[in-house]
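Take a look at the structure set out below.
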Amino acid sequence: MVTGPRVVLLAGGVGGSTFAVGLRDEVAARGGTLTVICNTGDDLWLTGIRLQPDVDSMLYALAGVKDSVKGWGRAGESLRVAGELRAWGAGWDWFELGDLDLGAHVARTGWLRDGLSPTDVLARLQQRWDLGATLLPMTNTEVDTQVVLADGHMHFQEWWTRHRAAIEPLGFENPGIDAAVPAPGVVEAIAEADVVILAPSNPIVSLAPILAVPGVRAALAETAARVVGVSPIIGGAAVRGMAEVCLRVVGVPCSAAGVAAFYGARHRSGVLDAWLLAEEDAGEVESIDREGVQPIMRPLWMRTPDLTRTLARDALDAAL
Ligand code: FO1
């Protein structure tokens, strides 16, 4: 029987999955449930198989099998198949496909080819471990994140893993997202939630695609739950990844207040009720307040599982 809060997390891969582990433990301690709505903009077809990097980071982290040094992929990974693919000249030779990870991709692709939807496939993948959470893709429609460059488009994965975000982008697009529909359970989970949390994920390439799926913003506007975000910016810098470039390109200041304003206050057509910002960014409290979002200052560094769990506790307390 569920006695605690029904919590929904909107998240990307690396940072989102680290936060999700602490949140899962805190929600479990309160007798609640956790549903994670995962970004699928990073997904791609490679050598005929379907990869879902953010979904898999979430799956592996909650299962306790993630490579915690890299932040993605499986712990104890080997690269024998990758060596063969390179010898065949197949795939992207700069993109690491581990043997254990490939097991998930091959299983996923087989089930997709059997006619299962991405939601059903993810339901099957997560049956393997007791995750203590339910994972949902944001949509079953393929809406890859494309980087707009001066001379055309490039898949986000190529721009990030091959070029390390060094080619100056003009913007980011999810072609076809206007026609996408939320995956089954996404709108329902938000509607029935007691708390919705925006993970400290990349606002532009991880959370914006989820918010762009038609119906998701409306669900967030209507839910009785409080919507709380955790800043991915600490001390005016992105904690990880390529968020600084992404924010600059779309004209959002790389600051806790800048990202809070990007999401906007729920009562002013945005999505946030409250925003957890780092103590290092104390100077931005007033500006967040003026935006109509409740600023809550807390330690945000997820350096240890204990600190991550404390952050998750703070986010829940802010919402409940
Ligand atoms: N990230 C890298 O920096 N280099 C890689 O070769 C790489 C391979 C890879 C394969 C499967 C997978 O699920 C993730 C992988 N990632 C790799 C991580 C991925 O690029 C990022 O986690 C995200 O997509 C950014 O959110």
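The values are calculated or read from the model by the stated rules, or taken from the named source; none is laboratory data. Computed from a predicted model, the values in this text were never measured in an experiment. We place every Cβ from the backbone using ideal geometry, glycine too, and count neighbours over all the protein chains shown. SASA here: full protein model, heavy atoms, side chains in, ligands and nucleic acids out. Shrake-Rupley method; radii C 1.70, N 1.55, O 1.52, S 1.80 Å.
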How would the stretch 147-304 be classified by its alpha-carbon gyration tensor: rounded, prolate or oblate, with rounded meaning a/c under 1.5 and the a/b versus b/c comparison settling the rest? oblate
With the other protein chains left in place, how much accessible area per residue, in square angstrom, belongs to the stretch 69-184 at a 1.4 angstrom probe? 54
What's the extension gain from A87 to L100 if we count 0.36 nm per residue and subtract their Cα-Cα distance? 2.8 nm
Put R298, R266 in order of accessible area, largest first, probe 1.4 Å, and you get R298, R266
Heads up, the stretch 238-281 by the C-alpha gyration tensor (a ≥ b ≥ c square roots of eigenvalues; a/c under 1.5 rounded, else a/b over b/c prolate, else oblate) looks oblate
For S117 and A237, compute 0.36 nm times the residue count separating them, minus their Cα-Cα distance, and round to one decimal in nm. 39.4 nm
Hey, if we sort E96, E284 by accessible area with the 1.4 Å probe, largest down, what's the order? E96, E284
In this structure, the FRET efficiency calculated for T47 and D306 from their beta-carbon separation, with R0 = 56 Å, to the nearest 0.05, is 0.90
With labels modelled as points extended 7 Å from the Cα through the Cβ direction, what inter-label distance (nm, one decimal) is found for E192 paired with H267? 2.9
For the stretch 237-320, just say rounded, prolate or oblate: build the C-alpha gyration tensor, square-root its eigenvalues into a ≥ b ≥ c, call rounded for a/c under 1.5, and beyond that prolate if a/b exceeds b/c, oblate if not. oblate
Structure-based [θ]222 nm, the chain - -39500 (n - 2.57) summed over DSSP H runs of at least 4, per residue, nearest 500: -10500 deg cm²/dmol
Given Cβ point charges of +1 (Lys, Arg) and -1 (Asp, Glu) and nothing else, what value in debye, to the nearest 20, does the dipole of the stretch 1-148 about its Cα centre take? 340
Additional length obtainable on full extension of the chain from R248 to A218, 0.36 nm per residue less Cα span: 8.1 nm
Counting DSSP beta bridges with both partners in the chain, what percentage is antiparallel, nearest 5? 35
Just to be sure I understand the model, the point goes 7 Å from the Cα along the line to the Cβ. What's the resulting S78 to V181 distance in nm? 4.4
Solvent-accessible area, 1.4 Å probe, carbon plus sulfur percent, for the chain: 52
So if R0 is 25 Å, what FRET efficiency would D130 and T3 give, r being the distance between their Cβ atoms, rounded to the nearest 0.05? 0.85
Just F156, F95, F172 to compare: in a GNM of the chain, with alpha carbon springs under 10 Å, which one fluctuates most? F95
Leaving ligands, DNA and RNA out of it, work out the accessible area of E192 with a 1.4 Å probe and give it in Å² to the nearest 10. 110
Percent relative contact order of the chain, based on C-alpha pairs within less than 8 angstrom and at least six residues apart? 18
Quick check: net charge around G98, other residues with Cβ under 15 Å of its Cβ, Lys/Arg +1 and Asp/Glu -1? -2
